[in-house]
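Values in this text are rule-based calculations from the coordinates and carry no lab data. Please read these numbers as outputs of a predicted model, since none were measured by experiment. Here the Cβ positions follow ideal geometry from the backbone for every residue, glycine too, while neighbour counts run over all protein chains shown.
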Amino acid sequence: MEPAATPPGPARAGVDGAAAGSAGPTEADWAAAVAAVRRLPADGRVLLICHVNPDGDALGSMLGFGLGLRRLGVDRLQATFPGPPEVPEPFRGLPGLELLVPAAAADPEPDLVICFDAASESRLGELAGRLTGTGIALVLDHHASNTGFGDVNLVDPAAAATSVVAEELLARLGVSLDAGIAECLYVALSTDTGSFRFDATTVAVHEMAARLLATGIRPGDISRRIFDSRPFGAVRLFGEVLGRARLEPAAAAGHGLVWTYATLDDLARHDQRPYVLEALIDPVRCTAEADVSCVVKQTGPAEWAVSLRSKGAVDVSRVAVALGGGGHRLAAGFTGRGTVDEVVDRIRTELAVPATRGDIDKQR
Ligand code: 5GP
Ligand code: MN
């Protein structure tokens, strides 16, 4: 065990972002989380889980924290996520990938389960049952809609990424940052802040980035790998899918909607894997004439993964929750069923419903 480090203080958003009821973990929560790790028996088994279709924050906070646990001497340690055990290409250089096992091979009865970046058990697919076993379930997250499904919940809606919570817990456990941990947490922080562009990019976020960079990691190399590399087939696919985007200026009570879709056939024609579509929302949401942007990605015969973004005028988490999903005010998603037109029709209808103050408070 390493000497205790001074907790760095979380990279929380400003007071404006923290509404009543979204105050983040209490000192008692932090103490319970630290105790859950410290009380592990010498041969204690730990299972780390993140959400289905893991993104940079899910994988980065999970693997970074896993590398930290390794430093504490925890060696019966697995990391996993539900669904196909395929790591998206941009994340295949992450340190700590050796901790990953397919969901089917994950420890059925760990002493401690730690869950990253998932707002609810439904985001854990076939792994959801692992949290109700005999072991302790610890939840690290930053979604305001988190249902508090762990025994101990470290949920900070004011944190820019789950990695902010992970860094704080590592510090409280006395684990100092090394380059491996830092690279994972940097990938998580930079993806969830849109490369330090979104409103959640506070002074504290930059201070956390500075602590991570101080370990010697190379932001240029990391960013190129994560944001600026894709197969040529994906470039051509994006061209086609962007070419069919539709702008509806009157939608969302005049704030405007821009949307497009990609089918499994589009992927097959360009010989691409589904993960390449995760980046598609970025060129779509650039559309100046629309506050709301949407990409509808086919995942099965009549099933679609829907990504929603807002520039601020519309709370898209309200739309996503109404349609069975979740997320944040400016970035949310859900699973849509039926045809593309049916899915987009439902979005249009929800966007037309004026938000009440009560709805907004519930989302926070
Ligand atoms: P993305 O569009 O990048 O897939 O997701 C944006 C945000 O929406 C994520 O941070 C996640 O919280 C939320 N989200 C996306 N898809 C779903 C879903 O199917 N269910 C829930 N509950 N949340 C989702
Ligand atoms: Mn996140």
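Values for this structure:
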{"read-out": "Cα pair distances of the stretch 92-137 binned at 5 Å [whole percent]", "value": "5, 19, 26, 27, 16, 7, 1"}
{"read-out": "Relative contact order %, the stretch 27-227, counting alpha carbon pairs below 8 Å whose residues are six or more apart", "value": "24 percent"}
{"read-out": "Highest-fluctuation residue, Ala79, Ala182, Ala250 considered, GNM on the chain with Cα pairs under 10 Å", "value": "Ala250"}
{"read-out": "Kirkwood-type radius of the chain, with distances r between different C-alpha atoms, in Å", "value": "20.9 Å"}
{"read-out": "Sequence ranges 207-218, 55-66, ranked by mean other-Cβ count within 10 angstrom, highest first", "value": "55-66, 207-218"}
{"read-out": "Square roots of five times the Cα gyration tensor eigenvalues for the stretch 232-363, Å", "value": "25, 15, 12"}
{"read-out": "Whole-Hz couplings from phi, Karplus 6.51/-1.76/1.60, listed for the stretch 230-245; x for Gly and Pro", "value": "7, x, 4, x, 6, 4, 5, 4, 4, x, 5, 5, 5, x, 9, 5"}
{"read-out": "Cα long-axis angle, helix 27-38 against the chain (0 to 90 degrees, to the nearest 10)", "value": "60 degrees"}
{"read-out": "Column: log10 I(q)/I(0), Debye, Cα scatterers of the stretch 27-227, q = 0.10, 0.12, 0.17 Å⁻¹", "value": "-0.35, -0.52, -1.11"}
{"read-out": "Alpha-carbon centroid distance for the pair the stretch 175-214 / the stretch 117-172, whole angstrom", "value": "19 Å"}
{"read-out": "Extension gain (nm, one decimal) between Ala302 and Asp221, 0.36 nm per residue minus Cα-Cα", "value": "25.3 nm"}
{"read-out": "Value of relative contact order over the stretch 232-363, rounded to a whole percent, pairs C-alpha under 8 Å and six or more apart", "value": "19 percent"}
{"read-out": "Length-normalised contact order for the chain - Cα pairs under 8 Å, 6+ apart - percent", "value": "16 percent"}
{"read-out": "Rounded if a/c under 1.5, otherwise prolate or oblate - the stretch 282-337, Cα gyration tensor axes", "value": "oblate"}
{"read-out": "Highest-MSF residue in the chain out of Arg309, Arg123, Arg224 [GNM, Cα springs under 10 Å]", "value": "Arg224"}
{"read-out": "Most mobile listed residue (Asp151, Asp117, Asp271) in the chain, GNM with C-alpha springs under 10 Å", "value": "Asp271"}
